[in-house]
Every structure is written in C-alpha cells, then in structure tokens.
Amino acid sequence: MKRSVSFLLLTVLVAFSLSSQQVPNVLYVGNSYTYVNDLPLLVEEVASSAGYIYKYDSNTPGGCTFAQHCSNESMSKICKGGWDFVVLQEQSQLPSFPQNQVDVECLPYARQLADSVKAHGGMPMFYMTWGRKNGDPQNALYFPVLGTYEGMDSMLYERYMQMAIENNAAVCPVGRVWRYLRANNPEIELYSNDGSHPSIEGSYAAACSFFVMLFDADPDSIKYTAGLKDSVALNIRAAVKTVVFDKYDKWIDPANYEEPEEPTSVLPVVDVDEYIWPNPVTDIIHAKGAFKIIDLNGRVVLRGENQADVSSLASGCYLLVLTAQGDVNKAIRFVKK
C-alpha cells in the first residue's frame with residue numbers, strides 16, 4: 001500500500017523507521033477516556049503480540065481539558081522532549097459544542113499543545129473520541145444536534161479533523177471505528193454502563209487503532225485479544241483495518257490528503273444515504289419525513305418535509321435532523337456545494 005505523507009510528518013516517521021530496533025516513545029495527554037482500561041498498556045500488549053515494542057508515559061486526570069493540560073504536568077512532560085508522538089485527547093463533550101464555543105474553549109489550547117509538541121521534536125496525534133451512546137441530552141437543550149449519538153459523533157469528527165488539519169497533525173480515528181462497529185457489528189458493546197466510557201471492547205478497538213497509527217502496521221498481525229472472544233476481537237480488528245489501516249494516509253496527514261473522486265459511472269440521482277439524498281447537494285435535498293437543517297453553530301437555518309431547496313445556503317457542512325412527533329430521530333451530516 002502506498003503511504004504518502006508530507007515532508008514535515010515524514011521526517012518524524014523516518015526517524016524511527018530506519019531501524020527495526022528503534023522504539024517509538026509516546027506520551028498520552030488526556031483524561032478518563034484514556035486511563036479507563038489503561039489504554040497505553042493495552043496498546044503495548046497489542047503491539048507486543050505483533051512483534052513491536054514502544055515506550056510510553058501519560059498524564060490523564062479525570063475530565064481534564066486541553067486548557068488545563070496547558071498549565072499542568074502535561075506541558076512539563078511535553079517540554080522535556082524525546083517524544084515521537086504525543087497523543088492529545090480533549091474532554092469528551094467539549095469539541096462537540098457550538099463552533100463559537102469551541103473556537104474559544106478548545107482550539108487555542110489544542111494549538112498551544114500541538115505547537116509545544118512540534119517545538120520539542122514530536123508529532124502531535126489527536127485522539128478522536130466517540131459520541132455518547134444516546135447522545136448528550138442535557139446539552140442538546142442548547143445545541144439540538146447533540147440529542148443523538150449520530151449528531152454528537154459527527155460533531156466530534158468535524159472538530160478533531162479541524163484540529164488535526166489546522167495544526168498539521170495526525171489523528172487517530174477511534175470514533176470512526178466505533179461508528180463502523182455500531183453500524184456493522186451492533187452486538188459488540190463498546191460502552192461501559194454509563195453510556196460514555198469504553199468497555200474493554202471499546203478500549204480494544206482504540207488500542208488496535210493506535211497500533212496502526214503508531215507503527216503503520218496491519219492489524220491482521222495482532223494476536224492479543226484482551227480476553228475477548230476470538231470472534232469479537234477479529235471483528236474489531238477487521239473494522240480497524242477497514243477504517244484506519246486502509247485509509248492511513250488520510251489520518252496520518254489529513255492536511256494534505258485529497259479525498260478520492262466519486263465514481264462517475266453511477267445514476268445521476270443516487271440514494272447515498274438511507275435517509276437523505278443526494279449528498280453532497282447543490283440545490284434540492286430529499287429526506288424521509290419532516291426535518292430541520294442546522295449549521296455548525298447550532299442555528300436552525302431551514303425546515304422542510306420530504307425535500308427542500310438549499311441553494312441559498314452557504315457552502316459547507318450542515319446537519320439534517322429528521323424529526324418524529326417533534327423529537328429528534330436521526331441527525332445526518334451533509335455537504336452543501
């Protein structure tokens with residue numbers, strides 16, 4: 001598989017790829033989503049079973065935000081240097097909030113941390129987390145898209161990609177792996193009882209994802225199962241291969257990645273989503289039922305039923321929220337050309 005990364009990122013990768021004996025040194029900066037089930041140790045177990053080793057350290061106080069990491073032990077650890085990668089995980093809800101809030105409370109501190117990592121010779125890698133099992137109903141009162149898992153997860157995807165692109169950093173798309181598993185293997189319970197933190201299955205999915213990102217290695221080589229049934233571990237690794245390994249170029253260097261063009265040999269109107277079509281859209285969008293369209297600041301910009309003309313909307317990403325008896329039913333991201 002061809003692996004194309006920009007020069008700045010390539011220099012870091014080459015530094016420990018020249019010799020199979022060199023060992024990447026990784027610092028984890030995050031909170032309970034990282035320390036539950038001891039994710040850094042799980043990565044070590046996964047890597048060891050595939051014949052790889054690495055060194056790591058962490059600072060993961062519960063609920064810690066990027067702003068707090070900028071002034072606590074994390075910054076001191078970063079500034080000691082010697083890290084090949086520094087994994088950066090924001091508080092689980094904050095990146096999903098309205099854009100104007102994220103612009104003030106999240107992005108400046110993500111930049112400060114990433115700049116410090118690069119200044120001391122490392123590559124920042126943002127840890128893309130997942131939407132809560134049933135969304136974030138309390139904050140949905142103020143930002144309706146958070147009322148569903150799909151809506152919250154889409155916001156987290158958008159914001160972590162934004163952080164990675166703006167900071168010329170990598171991203172580990174754990175949230176995308178969870179989304180794939182929820183759609184294709186719903187029998188695998190990724191959440192603990194609180195519907196937020198990971199179960200061992202969820203942490204195993206994260207560990208396998210980090211293994212791919214840190215070593216650029218095929219998850220088929222992993223033998224460790226974390227005590228899971230072989231069939232469950234196999235399905236999780238297959239998801240990681242599809243989502244992470246097969247799209248490694250996108251995640252290691254999102255700022256310079258170009259999405260492949262859509263095939264042209266398709267019908268002009270294709271139901272690209274079970275609930276809305278077409279996507280992307282230029283003028284008329286179709287949906288199954290009543291809906292409202294929300295921009296990334298949480299404002300309702302349009303309402304409709306079955307279809308609507310979106311030609312007057314500015315180009316960009318929006319959420320179409322299907323409704324049932326006035327309640328949020330589905331939230332689907334679409335692109336207005």
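Net length available on complete extension from residue 76 to residue 41 is 10.4 nm, with 0.36 nm assigned per residue and the Cα-Cα distance removed. Here residue 251 sits with roughly 10 square angstrom of accessible surface, probe radius 1.4 Å.
Multiplying the residue separation of residue 55 and residue 299 by 0.36 nm and removing their Cα-Cα distance gives an extension gain of 83.3 nm. Most simply put, the chain has about 60% antiparallel DSSP beta bridges, counting only bridges with both residues inside it.
Shape class of the stretch 178-246 from the alpha-carbon gyration tensor: prolate, with a/c at 1.5 or above and a/b greater than b/c. Listed by chain and number, the lysines placed with their C-alpha closer than 19 angstrom to that of residue 77 are 55, 118; residues fewer than eight positions away on the same chain are left out. Note on surface exposure: 187, 90 rank 187, 90 by accessible area, highest first, 1.4 Å probe. Note on residue 188: accessible area approximately 20 square angstrom, rounded to 10, probe 1.4 Å, nucleic acids and ligands left out. The Cα center of the stretch 124-177 and the Cα center of the stretch 197-263 differ in position by 17 Å. A value for Cα extents along the principal axes in Å was derived from the coordinates, and within the list (1) 61, 57, 32; (2) 78, 49, 34; (3) 60, 42, 42 it appears as (3). In the assembled protein chains, residue 113 presents an accessible area of approximately 0 Å² (probe radius 1.4 Å). Straight distance only, please: which aspartates and glutamates reach the Cα of residue 292 with their own Cα at less than 20 Å, same-chain residues fewer than 8 apart left out? By straight Cα distance, residue 292 reaches 136, 150, 153, 158, 271, 273, 274, 283, 305, 309, 327.
For a quick protection proxy, order the peptides 310-317, 125-132 by their average other-Cβ count within 10 Å, most packed first. Don't skip to the end; give the middle numbers.
Numbers: 310-317: 12.4, 125-132: 26.2.
Final packing ranking: 125-132, 310-317.
Which of the aspartates and glutamates could be linked to residue 250 by a straight reach, that is with a Cα gap under 13 Å, when you skip same-chain ones fewer than 8 residues away? In chain and number order, the partners are 216, 258, 259. Full extension of the chain between residue 223 and residue 282 gives 16.5 nm of extra length, using 0.36 nm per residue less the Cα-Cα distance.
Hey, got the dipole for the stretch 47-150? About the Cα centre, +1 on K and R Cβ, -1 on D and E Cβ, debye to the nearest 20? If you can, show how the numbers build up before the last one.
Working: 7 positive and 9 negative charges, 48 e Å.
Computed about the Cα centre, the dipole is about 220 debye.
Accessible area ranking (1.4 Å probe, heavy atoms, ligands and nucleic acids excluded), largest first, for 288, 229: 229, 288.
So if R0 is 35 Å, what FRET efficiency would residue 246 and residue 311 give, r being the distance between their Cβ atoms, rounded to the nearest 0.05?
0.50
The values are calculated or read from the model by the stated rules, or taken from the named source; none is laboratory data. All figures in this text were calculated on a predicted structure; none of them were measured in a lab. When we count neighbours, we look across all protein chains shown, and the Cβ atoms used for this are built from the backbone with ideal geometry, even at glycine. Note: accessible area is taken over every heavy atom of the protein model, side chains too, but ligands, DNA and RNA are not part of it. Shrake-Rupley method; radii C 1.70, N 1.55, O 1.52, S 1.80 Å.
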